[in-house]
1. Pull up the stretch 448-468, narrow it to residues that are surrounded by fewer than 24 Cβ atoms within 10 Å (Cβ to Cβ) and touching a residue at least 40 places away in the same chain (Cβ under 8 Å), then point me to the one that is farthest from L512 (Cα to Cα).
2. Kindly provide the set of residues from the stretch 752-775 that are open to solvent by 60 Å² or more (accessible area, probe 1.4 Å) and more than 20 Å from G443 (Cα to Cα), ordered by number.
3. Out of E686, E676, E699, which single residue is assigned to a helix (DSSP H, G or I), open to solvent by 70 Å² or more (accessible area, probe 1.4 Å) and under 30 Å from D180 (Cα atoms)?
4. Looking at the stretch 162-221 only, could you name the residues that are open to solvent by 10 Å² or more (accessible area, probe 1.4 Å), outside any loop (DSSP other than H, G, I, E, B), out of contact with any strand residue (DSSP E or B) (no Cβ under 7 Å at 6 or more places or on another chain) and closer than 30 Å to A583 by Cα?
5. Given the criterion in contact with a Ser or Thr (Cβ under 6 Å, 6 or more places away or on another chain) and either at pLDDT 95 or above or among the polar types (S, T, N, Q) (or both), identify the matching residue among Y570, Y638.
6. Have a look at A670, A661, A615 and point out the one that is aliphatic (A, V, I, L, M) and touching a residue at least 40 places away in the same chain (Cβ under 8 Å).
7. Kindly list the number of the only condition in (1) charged (D, E, K, R); (2) crowded, with 24+ Cβ neighbours inside 10 Å; (3) over 16 Å from A147 (Cα atoms) that fails for R535.
8. For the stretch 155-206, which positions are basic (K, R) and touching a Cys at 6+ places or on another chain (Cβ under 8 Å)?
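The values are calculated or read from the model by the stated rules, or taken from the named source; none is laboratory data. Worth saying up front: this structure is predicted, and the values here are computed from it rather than measured. Here the Cβ positions follow ideal geometry from the backbone for every residue, glycine too, while neighbour counts run over all protein chains shown. Ligands, DNA and RNA are stripped out before the accessible areas are found, and what is left, the full protein with its side chains, is counted by its heavy atoms. Shrake-Rupley method; radii C 1.70, N 1.55, O 1.52, S 1.80 Å.
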Amino acid sequence: MLSPYRVLDLTDERGQLAGFVLAALGAEVIAVEPPAGSAARHHGVHHNGTSLWWWAYNRGKKSVVADAAQVRALVQTADVLLDTGDLWGLTREELAALNPGLVHVTITPFGSTGPKAGWAASDLTVMAAGCQLAITGDADRPPVRTAVPQAFLHAASEAACGALVALLERGRSGRGQHVDVSAQQAIMQAAIPATLAAPLGAGPITRVGGGLTFGAWNLRFVYPAADGSVSITLLFGDTIGRFTARLMQWVHEEGHCDQAMADKDWVDYGTALLTGAESNEGFNAVKAAITSLTSTKTKAELVAEAKRRRLLLAPVATVTDVLSSEQLEARDWWEPVDDPALGRPVRAAGPFARLSATPLRQLDRPPRRGEHQASVLAAASLARRPAVRSTAEPVVDEAALAGLKVLDLSWVYAAPLATRMLGDFGATVVKVESTRRPDPSRGGGPYINGDIGPDGSGQFAHFATNKLGLSLDLGNATGREVLLDLVRWADVLVESYSAGVMDDWGLGWDELRQVNPRLVMLSSCLMGQTGPERRFAGFGNLAGAVTGFYDLTGWADRPPAGPFLAYTDYVSPRFMVASVLAALDWRERSGEGQFIDFSQAESSIHFISPALLEAQLTGYCWSRMGNEDRCAAPHGVYPARGEDSWVAIVCDQDDQWRALAMALGRGDLASLERGERLDRRAELDEAVSAWTATRTPGEAEATLQPLGVAVHGVQNSGECLADPQLIERRHFVAVPHPVHPTTIVEGPRVQLSRTPGHARRAGPTIGENNDHVLRDLLGYSDGRITDVVIAGALE
């Protein structure tokens, strides 16, 4: 899809997933390295002298060793340049002068502007800054991270989307721009809806192992099995309540609760908790009854019965379990790669999306340093010009995706976050729901001004920001006619029903492509549209369990602790957006639409690729290890002065440790090198804890940041709301609301210099924009609208 484009990848380990995504979508991606090679070649765990992190995220790229003059020459040939703060002595202004059509993407810990723009940072300290860490873990221990570093993977996948948004805009204007990506803002997506608690005046969401605490209620999602753990979506409401009812009937049949508990109204149970009609003690008894059941059975037994009863339950898989997944085998997902540098063939993570007309490239091994020197620096290659049209007409900057039309049949978190990003950058997004089948996120807090009704949900207001609301009954014949008219109107259709549901309704790809051959249709579900688990229903907490993230998060001596809530719902939207935008770019050249089979699980597994490689090469199975790191010490979350107050500190480099040791008053330890520090990590953690315990997080930051030590206080929603960096970057935005005067949502997570995205209005009421959609977008007459209303299609 992206074969016309050349990408220069100047990033280190923090940004190389961005180039990987663009390479998989077909771009020529050139890793530009200094004479000693990219620093990322030395990052993280190694096998046979090869960094597994480098190997995972640089497959399919070319490599050149270049000096500043050669970089200048290459810039003039490029469409996209990716960097993580090091421009080899060049400036943004020089790059733009060399190539006015260049899309220049910068990935940094806190963004290119703001008071923290120059702060030292690491994966752990960025997680601390972005709310996600504060709400992951056990209440009686420090907040805890996922063992495979995650923060910069969120940033890099966000960067790939930003690059593609800017490329599509360039196709109209002929002009490049700067794309500024903050890892702090990117990781905050993995903390929704906790991020909105303080802005909406709610109490903070706090961590509970395997769940979360919201107000007085402990929402628990991880339960013990006889041989490990399982994840259960124990929630309520119109959509999920029926699954919970079936679960509780099973609990009763097995003798773990009485009939009265099993027969409770599980649809309205959440409202009953909020209003006090049901007690917290009673809710705790429900969770105890479920625990009593799950503890008596193996994961396999629980999963088999859950499938039979259609329950929202999944096993907590290890990394080795992921490698043996029957679903991934059935979809022929793994990509075999034989790289002599590793000493044996491996199966690498496969396509993050399956496209019907332009499948993703199968990516070979990563390049040797300077392997493509001759071909890339050849005269013919340096004579290349960017794939940008020239325009003589003056161009007025407008929204990057202005004119893009999106039909949104998705719900809850994952796909709505993808369509929200399209709307932020100017696409017209029509969200379809109905009063009988509203989006389940309408029932979720935090609530706007205490309104627990369908229009009071802060999370729905956020997910549906910038969208138009259409109420449409798809079970009604006239409603389906309206939907087909919307398909004719749309460029993109996104749906997230269970696999096969659209086909069952006669609205599958084979039917819709006849209606609109230029349509790009994305169908998202947990496991994909094919395979033995295609009908596996559920949410991101279940996919987070089956893809290994739960087992990777927590303490070695305790059950899995997370990560927070519906993790793959936060990871997968970036891969959705990248796939859709690349398909649109290809459509502009080919005139053809296509179908995208999107599995949340398959896309998210890319975030643990290094662990999958090591398990195959050495048999070592990554698992939860608290906040320890196999390559850095000190590396932890330490107590600070104040209630539930913590500070994250990391020393990746020897000079950072020397500075920290002197600040601690422990000059006797300052000469310890990395290996010695890893051997004495418990001793060092004790010394750091003694120092931080007498200081606030702000005091620790003020002392250590000027010394170049990566440090940041662990921020929950309230601290994020008050963070001067997030204030400077206008992360939280007050927007008009259709029922309440205003509400606060998070703004776009990536900033474009010339055509920035905006949060303009909160999510709509059900059917709020019916007349506008039918009359103005579809061109219906008064008579046609009357017919639609009389037929009962709008409900």
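1. Step one: of the stretch 448-468, the residues surrounded by fewer than 24 Cβ atoms within 10 Å (Cβ to Cβ) are 449-456, 468.
Within this subset, residues satisfying the condition of being touching a residue at least 40 places away in the same chain (Cβ under 8 Å) are 449, 451-452, 454-456, 468.
Numbers: N449: 42, D451: 39, I452: 37, P454: 31, D455: 32, G456: 35, L468: 22 Å.
The extreme case among them is N449.
2. Across the stretch 752-775, the qualifying residues are S753, H758, R760, D771, H772, R775.
3. Values: E686 fails: under 30 Å from D180 (Cα atoms); E676 fails: under 30 Å from D180 (Cα atoms).
Of E686, E676, E699, the one residue that is assigned to a helix (DSSP H, G or I), open to solvent by 70 Å² or more (accessible area, probe 1.4 Å) and under 30 Å from D180 (Cα atoms) is E699.
4. Answer for the stretch 162-221, where residues must be open to solvent by 10 Å² or more (accessible area, probe 1.4 Å), outside any loop (DSSP other than H, G, I, E, B), out of contact with any strand residue (DSSP E or B) (no Cβ under 7 Å at 6 or more places or on another chain) and closer than 30 Å to A583 by Cα: L168, G171, R172, Q189.
5. The match here is Y638.
6. Result of the check over A670, A661, A615: A615.
7. It fails just one condition, (2).
8. none
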